[in-house]
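Undergrad: Here you go, one structure.
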Amino acid sequence: MRDVGSFEERNARFRASWGPERRLAHLVRTERPTVLDVGAHIGQSNRLFRRLFPDATIRSFEPDPDSFAALVAAVDASLPGGCERLAFSDRDGRATLHRNPIAHTNSLYRRNAESRDSIDVERARRAGLAPELGIGSVDVEVRRLDSYCATTGIDHVDLLKIDVQGAEVDVLRGATGVLDAVDNVVVEISFFDLYERSSSFLEVESLLAPHGLRLYALIEVSDNPMNGRTDWVTAAYTRLDVLPVEDVVSP
């Protein structure tokens, strides 16, 4: 155990064995988990979860019609779960989904024309041009996770993933009734000013901590090459008090 406490040694051992997929698998302790994939885009996260948890029930949600069509084509409909063209927020009803040239940046929030973090906006600003902020919008159904789980009979969630381009806090506000039944949350936290609103750890943790969910790890970090700022992180929260311990202390 010599030098086991040193910063460099600890990080070297971490990098040698831990990646995003292993961290997610480490959190989910059941062979047949229930996974809610909020903001599924074209199925990337669905495929990841299916690879990690082959016997999971995975419900994937995507409001954009084109992305939803690609999602349905990518997902095996015979497996437990399914795909629904649906957005989540802090209310039930209808909302405007703002569509962007890069589809995975579609959001319930408009792009920010005054952004100082967007490379595209800065390029347009320097060229004296108006930035291209969107390619249109579409009316979509929105639900609260509380009402969705009540109507579908979901009483326990092993993993809730939320990646909705700036609207993550709204999703959590609509889920306060079910968060006590959620074991793990993987949520993107957007610090940058790409959209009309940004998020913060304070907002996210003020909604998760009362339900016993504590930060486990930063699964992904995206840094801005233009100004050095951290644009967004994917943070994993868990209620598991005791996680399995890997053997990293042997010489």
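The values are calculated or read from the model by the stated rules, or taken from the named source; none is laboratory data. All values reported here derive from a predicted model rather than from experimental measurement. Reconstructed Cβ throughout: ideal geometry from the backbone, glycine too, with neighbour counts over all protein chains shown. The protein model used for the area step is the full one, side chains on, heavy atoms only, and it has no ligands, DNA or RNA in it. Shrake-Rupley method; radii C 1.70, N 1.55, O 1.52, S 1.80 Å.
Undergrad: Expressed in whole Å with the largest first, what are the equivalent ellipsoid semi-axes of the range 193-240 derived from the C-alpha gyration tensor as the square root of 5 times each eigenvalue?
TA: Working: eigenvalues 114, 38, 8 Å².
Semi-axis lengths for the range 193-240 are 24, 14, 6 Å.
Undergrad: May I ask you to compute the full-extension gain from E21 to E203, defined as 0.36 nm times their residue separation minus their alpha-carbon distance, rounded to one decimal in nm?
TA: Working: separation 182, 0.36 × 182 = 65.52 nm, distance 2.60 nm.
Extra length available between E21 and E203 comes to 62.9 nm.
Undergrad: Restricting things to Cα coordinates, could you compute the convex hull volume per residue of the range 107-195 in Å³? Walk me through the numbers on the way to the answer.
TA: Details: hull volume 8.8 nm³, N = 89.
It comes to 99 Å³ per residue, whole-number rounded.
Undergrad: Can you give the helix-only mean residue ellipticity at 222 nm for the chain, where every DSSP H stretch with n ≥ 4 adds -39500 (n - 2.57) and the sum goes over all residues, rounded to the nearest 500 deg cm²/dmol? Intermediate values should be presented prior to the final figure.
TA: On the way: 8 runs with 68 residues, N = 251.
That calculation yields -7500 deg cm²/dmol at 222 nm.
Undergrad: Just report the Cα centroid separation between the range 98-150 and the range 73-97, whole Å.
TA: So the two Cα centres are separated by 19 Å.
Undergrad: Just by accessible area at a 1.4 angstrom probe, what is the order of L160, L202, L133 from largest to smallest?
TA: Numbers: L160 5, L202 140, L133 50 Å².
Ranked from most to least accessible, the order is L202, L133, L160.
Undergrad: Let me ask another. Given charges of +1 on the Cβ of Lys and Arg and -1 on the Cβ of Asp and Glu, with all other atoms neutral, how large is the dipole of the chain about its Cα centre, in debye to the nearest 20? Could the numbers behind the result be given before it?
TA: Details: 30 positive and 40 negative charges, 52 e Å.
Dipole of the chain, to the nearest 20 debye: 260 debye.
Undergrad: Rounding to the nearest 20 debye, state how big the charge dipole of the range 49-177 is about its Cα centre with +1 on each Lys and Arg Cβ and -1 on each Asp and Glu Cβ.
TA: Its charge dipole is roughly 340 debye.
Undergrad: Across the range 84-154, how large is the tail of the calculated P(r) beyond 17 Å, expressed as a percent of all Cα pairs? Display every interim value, and only then the final one.
TA: Details: 1327 of 2485 pairs.
Beyond 17 Å sits 53 percent of the P(r) for the range 84-154.
Undergrad: Moving to a separate point now. Relative contact order (percent) for the range 1-113, with alpha-carbon contacts under 8 angstrom and 6 or more residues of separation? Don't jump to the answer; show the numbers that get you there.
TA: Numbers: 135 pairs, mean separation 21.6, N = 113.
Relative contact order for the range 1-113 comes out at 19 percent.
Undergrad: Just going by the charge dipole of the chain, with Lys and Arg at +1 and Asp and Glu at -1 on Cβ, which of A127, L52, V233 is farthest out on the positive end?
TA: Of A127, L52, V233, it is A127.
Undergrad: Under the 0.36 nm per residue contour assumption, what length would be gained going from the current alpha-carbon distance of R91 and S6 to full extension?
TA: Details: separation 85, 0.36 × 85 = 30.60 nm, distance 4.81 nm.
Once the chain is fully extended between R91 and S6, it gains 25.8 nm.
Undergrad: Which value results when the Cα radius of gyration for the chain is divided by 2.2 N^0.38 Å? Walk me through the numbers on the way to the answer.
TA: On the way: Rg = 19.2 Å, N = 251, 2.2 N^0.38 = 18.0 Å.
This ratio for the chain stands at 1.07.
Undergrad: Right, next: Give me the distance in nm between label points sitting 7 Å out from Cα along the Cα-to-Cβ direction at A150 and A69, one decimal.
TA: Reported label-point gap for A150 and A69 is 3.5 nm.
Undergrad: Given a 1.4 Å probe, how much area per residue of the chain is accessible, in Å²? Let's see the in-between values first.
TA: Values: 12700 Å² over 251 residues.
Heavy-atom SASA per residue in the chain reads 51 Å².
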